[in-house]
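What follows is calculated from the coordinates using simple rules that are stated; it is not laboratory data. Source: prediction; values computed, not measured. Positions of Cβ are generated from backbone atoms using ideal geometry, with glycine treated the same way; all protein chains shown enter the neighbour counts.
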Amino acid sequence: MNNVAVLGAGSWGSTLSWMLANAGRNVRLWTQDDAKAERINSTHVIERPLKIEIPHQVVASSDLGETVADADVILFCCTSQSMRSLAERLKPHLATSRATVIVSAVKGLELSTLKRMSEVISDVLPELPVCSLSGPNLAAEILLGLPTASVIACANIGVALAVQKVISLPGFRVYSNDDLIGVELGGTLKNVIAIAAGASDGLQLGSNAKAALLTRGLAEMTRLAVRLGAKPITLAGLAGMGDLFATCAGPVSRNYRLGMEFAQGKQLEEVLTGLEAIAEGVPTAEAVCELSKRLGLELPIAEQVDAALKGKTTPKGAIMTLMGRPPSSEY
C-alpha cells in the first residue's frame with residue numbers, strides 16, 4: 001500500500017501529500033484546477049497553508065481517473081458539502097483502480113442528510129471499506145516539522161491497522177481505533193466549539209470563561225456523539241479532546257479565527273472571505289442543531305453559535321444567554 005491518491009489540493013490535502021511523499025510514498029494529488037496542477041508539477045511548491053517545496057514523488061493532476069488508477073489508498077480531502085458529488089465522480093473510476101480502502105480526512109456533516117462523511121462515501125461507494133483520519137492536526141504546524149498525533153478509525157480494526165502502517169510517519173504518530181462514529185464526530189463537532197472559543201477570546205472574556213466553555217463544549221460533543229453510537233472514551237481522546245484543544249488554541253484554526261473576528265465586529269461574510277478556505281464549523285453548527293432537535297438533546301453552546309451565525313443574536317448576546325441559563329447539575 002505504497003501508492004496514495006489524495007483528492008483535494010487545499011491546505012490539508014497538500015499537507016498530507018507533502019508528508020506522505022517525504023515518507024517515501026508515491027502520491028497522486030487531484031485538483032479540479034488545471035492551472036494549479038500544472039503549477040505544482042512545474043514548481044514543486046505549494047502555497048497554502050505555507051509556501052513550501054513539495055517532494056517530486058507528488059504528481060498533481062486534474063484527471064480523476066489518472067489520479068486513482070494506481071492507488072492502493074484513496075484519501076478524500078475535499079469539503080464536507082462536496083463529498084457526495086466527488087464520490088459520485090470517483091465511482092466510474094473504481095472499476096479500473098486497484099484501491100483497497102478509502103480514507104476520509106474531512107471533518108463535517110452533510111447538511112441535506114446530517115450524515116457523517118464515511119456514511120456519505122459508503123452510500124455512493126459501498127465496494128470499499130472506509131476509514132476516518134482525525135486528531136489535533138493543524139496543517140501549518142505539520143509543515144513546520146512540529147510533532148503531532150492522530151487517529152485512524154474503521155469499524156473493521158484490521159483495515160485501520162493496515163492504513164495505520166501507511167500513514168504513520170516520523171513526527172506524525174497514528175493510533176488505531178474501531179470507533180468510527182466517535183472519531184468522526186469528535187473531529188466534526190469540535191469545529192462548532194472552536195467558533196465559540198474564538199468569540200470568547202475576541203470579546204476578551206479571559207481564561208476562566210474559555211476553560212469553562214471548552215469543558216462544557218466537550219460535554220456537549222460527548223452527549224451528542226454517544227447518542228449517535230460513539231464510545232464516551234473516544235471523545236476524551238485525540239479525535240475529541242485533543243482536536244478540540246488544538247483547534248481552540250488560536251487563530252491558526254480557521255474556525256477559531258472566524259469566531260474571534262466575528263466577535264470583534266466584522267461582518268460574517270467579510271470574515272469568511274478573508275479565510276480563503278471553508279470553515280466547516282458553519283454548516284456543522286446548523287447540522288448539529290437539527291440533530292439535537294430530532295434527538296431531543298439540549299446543546300446550548302451549539303445552539304447559540306448557530307443563532308449568532310444566522311444573525312439571530314450577537315456573540316456577546318450568545319454568551320449572556322449561556323450565562324443566564326437556569327442552574328443545573330454538572331453531570
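Mind ordering 249-259, 193-203 by average Cβ neighbours within 10 Å, highest first?
Output ranking for 249-259, 193-203: 193-203, 249-259.
Given a Förster distance of 45 angstrom, what is the FRET efficiency for residue 267 paired with residue 233, based on the Cβ-Cβ distance and rounded to 0.05?
0.65
If neighbour count is taken as other Cβ atoms inside 10 Å, put 172, 76, 262, 245 in order from fewest to most.
Starting with the residue having the fewest Cβ neighbours, the order is 245, 172, 262, 76.
Where does each of 271, 120 land when they are ranked from fewest to most other beta-carbon atoms within 10 angstrom?
With the sparsest Cβ surroundings first, the list reads 271, 120.
Using only Cα atoms, find the angle between the long axis of helix 300-309 and the longest principal axis of the chain, and express it within 0 to 90 degrees, rounded to the nearest 10.
That helix lies at roughly 80 degrees to the long axis.
Once the other residues with Cβ under 9 Å from the Cβ of residue 274 are scored (Lys, Arg +1; Asp, Glu -1), what is the net sum?
That works out to -1.
For region 3-178, give the share of DSSP beta bridges that are antiparallel, in percent and rounded to the nearest 5; count only bridges with both residues there.
Bridges in region 3-178 that DSSP calls antiparallel: roughly 20 percent.
By the scheme Lys and Arg +1, Asp and Glu -1, what is the net charge of all other residues having a beta-carbon under 13 Å from that of residue 20?
+2
May I ask what percent, to the nearest 5, of DSSP beta bridges between residues of the chain are antiparallel?
Of those bridges, close to 20 percent are antiparallel.
What value, in deg cm²/dmol to 500, does the helix sum -39500 (n - 2.57) over DSSP H runs of n ≥ 4 give at 222 nm once divided by the residues of the chain?
After summing the helix terms and dividing by the residues of the chain, the value is -15000 deg cm²/dmol.
When the Cα centres of region 205-260 and region 147-186 are compared, how far apart do they sit, in Å?
Using only Cα atoms, the two centres lie 19 Å from each other.
Order the peptides 318-330, 13-25 from the highest to the lowest mean number of other Cβ atoms within 10 Å of their residues.
Final packing ranking: 13-25, 318-330.
Exactly which trypsin sites (Lys or Arg not before Pro) in region 94-127 are in a DSSP loop and have at most 12 other Cβ atoms within 10 Å?
Hits after loop and neighbour filter: 98.
Starting from the Cα gyration tensor of the chain, take the square roots of the eigenvalues, sort them a ≥ b ≥ c, and report rounded, prolate or oblate (rounded when a/c is under 1.5, otherwise prolate if a/b is larger than b/c, else oblate).
The shape class here is prolate.
What does a probe at residue 245 reach in region 125-142, counting residues whose amide N is under 12 Å from the point 7 Å along Cα→Cβ?
So the set is 136.
Just to confirm the filter: which GluC sites (Glu not before Pro) across region 223-303 are DSSP coil and have at most 12 other Cβ within 10 angstrom of their Cβ?
276, 298
Using only Cα atoms and rounding to the nearest 10 degrees, what angle (0 to 90) does helix 206-227 make with the longest principal axis of the chain?
Once rounded, the angle reads 70 degrees.
Determine the gain in length on full extension of the stretch residue 53-residue 85; use 0.36 nm per residue of separation and subtract their C-alpha separation, reporting nm with one decimal.
This chain segment gains 8.5 nm when fully extended.
In nm, give the distance between the simple-model label positions of residue 41 and residue 290, each being 7 Å from the Cα along the Cα-to-Cβ direction.
3.9 nm
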